[in-house]
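Participant: Here it is, the structure, as structure tokens.
The values are calculated or read from the model by the stated rules, or taken from the named source; none is laboratory data. Values in this document were obtained by computation on a predicted structure and should not be read as measured data. No Cβ is skipped: glycine too gets one built from the backbone with ideal geometry, and neighbour counts run over all protein chains shown. When the accessible area is computed, the model is the full protein with side chains, heavy atoms only, and any ligands, DNA or RNA have been set aside. Shrake-Rupley method; radii C 1.70, N 1.55, O 1.52, S 1.80 Å.
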Amino acid sequence: MLLANIAQNLNLNPINEPSADVEVTSGYASDLLSDVLAKAKNGAIWATNQKHINIIGVAVMLNLAGVIIAGGIEPDENTVAKAREENIPLYITETSLFDVAGKLYELGLRST
Amino acid sequence: MEDSFVSKNTDHGVTLRRICEILDGHFVCGEERADQIISNACGCDLMSDVLAFTRPGSVLLTGLTNSQVVRTAEMLDLKGVVFVRDKHPDEHTLQMAKSIHLVVILSPYPLYESCGRLYAAGIPGCLEQSCDERHSGIASF
Amino acid sequence: MNDTVASLHFKFEVNGGDFAKAGDASSRVKKILQQIGADQAIIRRVAIACYEAEMNVVIHARHGFVVLDADLEKIIIVVDDEGPGIEDIELAMTPGYSTAPDSVREMGFGAGMGLPNMKSCSNEMEIHSRRDVGTTIRMVFENA
Amino acid sequence: MTPDSRRKTQDAGRTTPYNADLHIHTLLSPCGEIEMIPPLIVEAAKVAGLDVIAIADHNSCENAAAVMRAAEGSGIRVLPGMEVQSVEGIHLLCLFDEIEQAEALQEAVYGSLISLPGGAYRYSEEQFVVDWEGEFVKYCEKRIALPTSMDIDEVFERVAKIGGIMIPSHIDRQGTGIIDILGMIPETPDINGLEISRNITPDEARVRFPSVGNRPIFQNSDAHWLSAIGERHTILHMAHRNVSEIKLACRGVGGRRVENA
Amino acid sequence: MLDAVDKGYFHSVHLLEDKCKGCVNCIKRCPTEAIRVRDGKAHIIEVRCIDCGECVRNCPNKAKTVLADSMTRLKDYKINVALPAPAVYGQFREGTDPRKVLAALLSIGFDHVIDVAFAADMVARKVREVLERPMEVRPLISSACPAVIRLIQVRFPNLIEHIIPMLSPMRAAANIAKHEFLDKPGAQADQVGIWFITPCPGKVSAINDPEGIEESTITGAIPIAEVYPLIREKLRDDTAISAMVDKLKVGSGLGVGWARSGGENQAIGGSRQIAVDGIHNVIQILEEVERGKLSDIDYIEAQACVGGCVGGVLTVENSFITRRRIRLLASENADDVQHDDLISSALECEDWFRHDKPIEPRPTLKLDDDMAVAIRKMEQMERIVEDLPGLDCGSCGAPNCQALAEDVVRGLATEMDCMFKLRERVTELAGEMMLLAEKVPPAMGHVEKKAEEKHAVGEHSTKPEPEPDK
């Protein structure tokens, strides 16, 4: 599934979208970055309530398809800057993490 | 004189027992209260956000297993907590949960999958609020 | 009210959203009624009704007043607020109906029993409400 | 620190090894045992042969002054502090020299905490403020066991501005340690030192968590009951027992250093 | 003068006049506003005092004292029975066998001992029975703490019906003692002394002025602090008492647990219960009960002292340490209920647990018996309050401006007791005197000009301070 479809379906607000023509293969939701590092797959879209700059670092390391900051949380400035620098797609949404995960799941994205 | 916090959309809710089934989970405490009806769910590992978001009477799904989760649940009057990814709470946390009669479920699925399954079963999240409302919500404690 | 009749009049301010002070006005009302030697059962009814009304102001309105008038025959509580008003009073009188935000429910308020409670505690109750202007609730308790 | 004062402290001469346990809770913390009252904490620290202890309750320093007073004449230096929980859920040990500094941080922390509606009785845990003899003074009416709304950078900046030191607590712990939550030690802020829990050795920590790098590692007891006090400690080679010396020890200035016991 | 309203209730809390420095610490902390400072000394308004001991705890000069009985009274009786409060066990080192404490009591002058913790075990069962019965009144409030009962009588007379119709463990223990030593043929009541070993002044008063029962079986109350050194001495070399241990009957850990906050609920079992400790917290909870807010709760364990009975002012050890010890005892010996035979026979004796007369309200707030007069006084009071600075400084001897106004309409004080009113009045008088001083005979000249000057000065000096905020 393309990132563009997801962004449209979930009505996500793009903060950094170098290209929406990215294939998303799975979904992941967590606020514990170590958990993400251990369990999330390459090409996953990751939904979180974290806004710390390290989320971009994790996305780079795992080669994630994108990061969604849920729950109406505004990312830190340096997080946004880092996302731009590293070309990591970053979205925000007012929707809660539960609903974001639910909607991604409904679109057919599994965690494995 | 007091009703028991039954909210309007009770009809659409499901029981904690059903939630446990959907998540292929099992109860670690509070099973005697598993027939309570849940109308909303919240998935989160940050207790600060749980505090800001969650409706009383909801169920919380989380990968965090420390005693903060139970404190938060108590404070928000949550009906149950699901620890995802088969994470076991420690003894202290479990004791606390028992003392406040909290329903605790362990699910083998990660947070993402657990949220997805419940969402697919028609359980809504806690309604989104604007940032302003969230802050005023906190200030009013 | 006639000057020759023993009567008293008190007015207390209530601020919307101020949960720390919520209940102060009702506590004062209760104490005053105890001081004038009102019947314990009536005091209790007034205390419950007045508290519910005061909480409504704290939860829903911006600002309001609790006014107590009492003489040998009657105790009258008027709670007057500037707030959103009640859209459908009949619906609001249904036990369990509540528009309280969830953030206040875990404090044990907003269970939707406020108005029905007030009605059952008082001998007479009138509600006047205008949308986006405010609500006035007048409750009369026979002091006998 | 100005170049001038740095020179002065560098010139302070010989260092002494001090046994330090910089992470002790009192009965104020909801998870702290009720036996954790000031006179008994000081007594236990004496028995454990500690020279420096720090009182670090969750998000509060309301019992720190009482322990400082209880330690008067005991020869033990008590640093006031607290264990702040950032909005991310990270536990951060914040230590100061003077109670006023700790109170300045506490004011900011309290500003972002939730008050207990209607007193402590509603909750299953109690938070006690006591005097130096351990007698009840009041209940603390803030939910100190829950996170603040300050993020880690804000906590760091505030602590630095007040003149204290911020050390992420038990970095190896799940759910509350910085590594579990942020995946690795972030590049900023410029963290002086890290604390590990009792469950791991400093060497293991450096292997398991490469982002620790060569930052100095503290090991404290994180005591919640009396018998735990001093069960883990760190040897600080410093000229004096104060926070600026601890900072210098973290940087290894003038022979000062953080040694693992 | 304040004592004129006294209706003769017994009180154990008293003032040591020579130690009182007239500071206002006690009046500020008193939960029933029962203390005033007059002529530099605190006075307790007896009808309002609930003997909670809060003033004893807060007096920096140790000027409040508790009148209780002393060990010397044992010699007046042929047979002496001790009823030790469970809090006694918390006073001694961790690991001290409760039975040794009972044995020590037997070796310091008592002939028999009935463990109150054992009575608590029975009361807990009885309370559970009551809670399981469907009843209209909810929540029920524990009757174990006498200060709470008095608080309800004085400040919450509405809630008397919420007090569980069940005697406290102390009373139940006394009834067992009565059964064993007084109801036996040939027993001579005046030769048997039954002594409660008390952690608090509330129990002392309850014994001397019982609520809900016609007659107190208990002879007197001896403070834990008095027996503590005697028991400790015996425990130090325990060979002598160890032999006695086997014969002693002790309550279960859960019964002992009643000594700490939360222990009573733990012993009773159930979920819709709350425990509240500290008199000011108890007041908050009772306010909520009165507003009908806690009707989903079955039972409230309420104790006036922080931490429960172990926090009583007549105990010795730090209450946090004792609380921990009690908790350990409760978990170690939870199931260790001895002598089931006595328990079962006791549980059949309904009389041991029942009040035999209603608990009466003691409302003290009423300004006058005639409501019309009371309303007028209320109006007058409000006018006075409006005129007072509203600082609640306490320097008039009343805890706050409202209380001073009330004292004024009751004829117990004057507005001039207020420092600020007095200062205002003095300034006013000074101004008048100035004016009078200007009234020199016209023949002496310069009258108008001088008066103008002085008046201007006078105006400045009439407002030496900004008006305090209301």
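Participant: If the viscosity is 1.567 mPa s and the temperature 4 °C, what translational diffusion coefficient in µm²/s does Stokes-Einstein give for segment D:14-260 when Rh comes from Kirkwood over Cα pairs?
Facilitator: It comes out at roughly 73 µm²/s.
Participant: Sort largest first and round to whole Å: the equivalent ellipsoid semi-axes of segment A:1-96, each the square root of five times a Cα gyration tensor eigenvalue. Don't jump to the answer; show the numbers that get you there.
Facilitator: On the way: eigenvalues 52, 46, 35 Å².
Output for segment A:1-96: semi-axes of 16, 15, 13 Å.
Participant: Given the pairs E:LYS19/E:LYS234; D:LYS138/E:LYS100; D:LYS161/E:LYS28; E:LYS41/E:LYS366; A:LYS103/B:LYS98, which are separated by over 28 angstrom at their Cα positions?
Facilitator: Values: E:LYS19/E:LYS234 34 Å; D:LYS138/E:LYS100 34 Å; D:LYS161/E:LYS28 39 Å; E:LYS41/E:LYS366 26 Å; A:LYS103/B:LYS98 33 Å.
Pairs exceeding the cut-off: E:LYS19/E:LYS234; D:LYS138/E:LYS100; D:LYS161/E:LYS28; A:LYS103/B:LYS98.
Participant: Only four residue types carry charge here, +1 at the Cβ of Lys and Arg and -1 at the Cβ of Asp and Glu. Report the dipole size of the protein assembly as shown about the Cα centre in Debye, rounded to the nearest 20. Walk me through the intermediate numbers first.
Facilitator: Working: 116 positive and 166 negative charges, 449 e Å.
In debye, rounded to 20, the protein assembly as shown gives about 2160.
Participant: Taking H as built 1.01 Å from N, whose amide H comes closer than 5 Å to the amide H of E:VAL113, not counting residues under 5 places away?
Facilitator: The list, which skips near neighbours in sequence, is E:ALA82.
Participant: May I ask you to list the trypsin sites (Lys or Arg not before Pro) in segment D:171-261 that are in a DSSP loop and have at most 16 other Cβ atoms within 10 Å of their Cβ?
Facilitator: D:ARG198
Participant: Let me know the mean shielding of E:281-294 by other chains, meaning the per-residue number of their Cβ atoms within 10 Å of its Cβ.
Facilitator: 6
Participant: How do E:LEU16, D:LEU226 rank by accessible surface area computed with a 1.4 Å probe, from largest to smallest?
Facilitator: I get E:LEU16, D:LEU226, largest accessible area first.
Participant: Tell me the accessible surface of E:TRP352 in square angstrom (1.4 angstrom probe, heavy atoms of protein chains only), to the nearest ten.
Facilitator: Its accessible surface works out to 20 Å², give or take rounding.
Participant: So how do D:SER112, D:SER169 rank on accessible area, 1.4 Å probe, biggest first, that is with the largest at the start?
Facilitator: Descending order: D:SER112, D:SER169.
Participant: Moving on. In nanometres, what is the gap between the two model label sites at E:PHE10 and E:MET135, each 7 Å from Cα along Cα-to-Cβ?
Facilitator: Here the modelled spin labels are 2.6 nm apart.
Participant: Okay, moving on. Apply the a/c threshold of 1.5 to the C-alpha gyration tensor of the protein assembly as shown and tell me whether it is rounded, prolate or oblate.
Facilitator: rounded
Participant: Around B:VAL28, which amide H atoms from residues at least 5 apart in sequence, or from another chain, sit under 5 Å from its own amide H, with H modelled in the peptide plane?
Facilitator: Result for B:VAL28 returns B:VAL104, B:ILE105, B:LEU106.
Participant: Let me ask another. Starting at the first residue of segment D:239-255, write each ³J(HN,Hα) from the Karplus equation 6.51 cos²θ - 1.76 cosθ + 1.60 with θ = phi - 60°, in whole Hz, x for Gly and Pro.
Facilitator: So the Karplus estimates, Gly and Pro as x, are 7, 9, 9, 8, 5, 5, 5, 4, 4, 5, 4, 4, 8, x, 7, x, x Hz.
Participant: While we're on this one: What fraction of the DSSP beta bridges in the protein assembly as shown is antiparallel, stated in percent and rounded to the nearest 5?
Facilitator: Numbers: 72 of 129 bridges.
Taking every DSSP beta bridge within the protein assembly as shown, about 55 percent pair in antiparallel fashion.
Participant: Still on this structure: Treat each spin label as a single point 7 Å out from the Cα along the C-beta direction, and report the E:ARG410 to E:ASP238 distance in nm.
Facilitator: It is 5.1 nm.
Participant: Please say if segment C:7-142 is rounded, prolate or oblate, where rounded means a/c under 1.5 for a ≥ b ≥ c the square roots of the C-alpha gyration tensor eigenvalues, and otherwise the choice is prolate for a/b larger than b/c and oblate otherwise?
Facilitator: It is prolate, given that a/c is not under 1.5 and a/b is the larger ratio.
Participant: Is it possible to state the helix-based mean residue ellipticity at 222 nm for chain E, with each DSSP H run of 4+ residues giving -39500 (n - 2.57), the sum divided by total residues, to the nearest 500 deg cm²/dmol? What is it?
Facilitator: Computed ellipticity for chain E at 222 nm equals -12000 deg cm²/dmol.
Participant: Sort A:LEU37, B:LEU23 by accessible area with a 1.4 Å probe, largest first.
Facilitator: Sorted by accessible area, descending: A:LEU37, B:LEU23.
Participant: Right, another one. Over all directions, the average projected area of the alpha-carbon convex hull for segment E:349-414 comes to how many nm²?
Facilitator: Numbers: hull surface 28.0 nm².
Spelled out: convex hull of the Cα atoms, projected over all directions, averaged, 7.0 nm².
Participant: Separate question: Specify which residue in the list D:THR148, E:LEU388, B:LEU16 is farthest towards the positive end of the charge dipole of the protein assembly as shown, using unit charges on the beta carbon of Lys, Arg (+1) and Asp, Glu (-1), about the Cα centre.
Facilitator: In the protein assembly as shown, that residue is D:THR148.
Participant: I would also like to ask the following. Note down the magnitude of the dipole of chain E about its Cα centre, charges +1 on Lys and Arg C-beta and -1 on Asp and Glu C-beta and zero elsewhere, to the nearest 20 debye.
Facilitator: For this selection, approximately 1060 debye.
Participant: Okay, moving on. Calculate the radius of gyration of the Cα atoms of segment E:275-317 to one decimal place, then report Dmax, the largest Cα-Cα distance, as a whole number, both in Å.
Facilitator: Cα only, segment E:275-317: 12.1, 39 Å (Rg, Dmax).
Participant: Just want the answer: with Cβ charges of +1 for Lys and Arg and -1 for Asp and Glu, which residue in D:GLY175, D:LEU248, D:ASN59 is farthest toward the dipole's positive end in chain D?
Facilitator: Checked the options; the winner is D:LEU248.
Participant: Calculated from DSSP H runs of 4 or more alone, at -39500 (n - 2.57) each and per residue, what is the 222 nm mean residue ellipticity of chain D, nearest 500?
Facilitator: Dividing the helical sum by the residues of chain D leaves -7500 deg cm²/dmol.
Participant: Considering only protein heavy atoms, what is the solvent-accessible area of E:ARG423 at a probe of 1.4 Å, reported in Å² to the nearest 10?
Facilitator: Near enough 110 Å² of accessible area.
Participant: Roughly how big is segment E:1-67's charge dipole about its Cα centre, with Cβ charges of +1 (Lys, Arg) and -1 (Asp, Glu), in debye to the nearest 20?
Facilitator: 280 debye
Participant: Per residue of segment D:126-133, in order, report the coupling 6.51 cos²θ - 1.76 cosθ + 1.60 (Karplus, θ = phi - 60°) as ³J(HN,Hα) in whole Hz, putting x for Gly and Pro.
Facilitator: With the stated coefficients, segment D:126-133 comes to 10, 10, 9, 9, 10, 9, 5, 8 Hz.
Participant: Residue-wise, which Karplus ³J(HN,Hα) couplings in Hz belong to segment D:74-90, taking 6.51 cos²θ - 1.76 cosθ + 1.60, θ = phi - 60°, and x for glycine or proline?
Facilitator: 8, x, 9, 8, 10, 8, x, x, 7, 9, 7, 10, 6, 4, 6, x, 7
Participant: Also: What is the mean number of Cβ atoms from other protein chains located within 10 Å of the Cβ atom of each residue in peptide E:308-321, rounded to a whole number?
Facilitator: 3
Participant: Determine the shape class of segment D:151-261: with a ≥ b ≥ c the square roots of the Cα gyration tensor eigenvalues, call it rounded for a/c under 1.5, and otherwise prolate if a/b is greater than b/c, oblate otherwise.
Facilitator: Here segment D:151-261 falls in the rounded category.
Participant: Now for a different question. Only loop residues by DSSP count here, and only those with at most 15 other Cβ atoms within 10 Å; note down the GluC sites (Glu not before Pro) in segment E:41-143 that meet that.
Facilitator: E:GLU94, E:GLU136
Participant: Using modelled backbone amide H atoms (1.01 Å from N, in-plane), which distant-in-sequence or interchain residues come within less than 5 Å of E:VAL276's amide H?
Facilitator: E:GLU301, E:ALA302, E:GLN303
Participant: 7 Å from Cα along Cα→Cβ at both E:ASP246 and A:THR25: what's the point-to-point distance in nm?
Facilitator: The answer from the label model is 7.7 nm.
Participant: Right, next: For peptide A:8-19, compute the average count of partner chain beta-carbon atoms within 10 Å of each residue's beta-carbon.
Facilitator: Mean partner shielding for this stretch: 0.
Participant: Let me ask you something else. Assuming a viscosity of 1.567 mPa s and a temperature of 4 °C, what translational diffusion coefficient in µm² per second does Stokes-Einstein assign to segment E:71-352, Rh being the Kirkwood radius over Cα pairs?
Facilitator: 69 µm²/s
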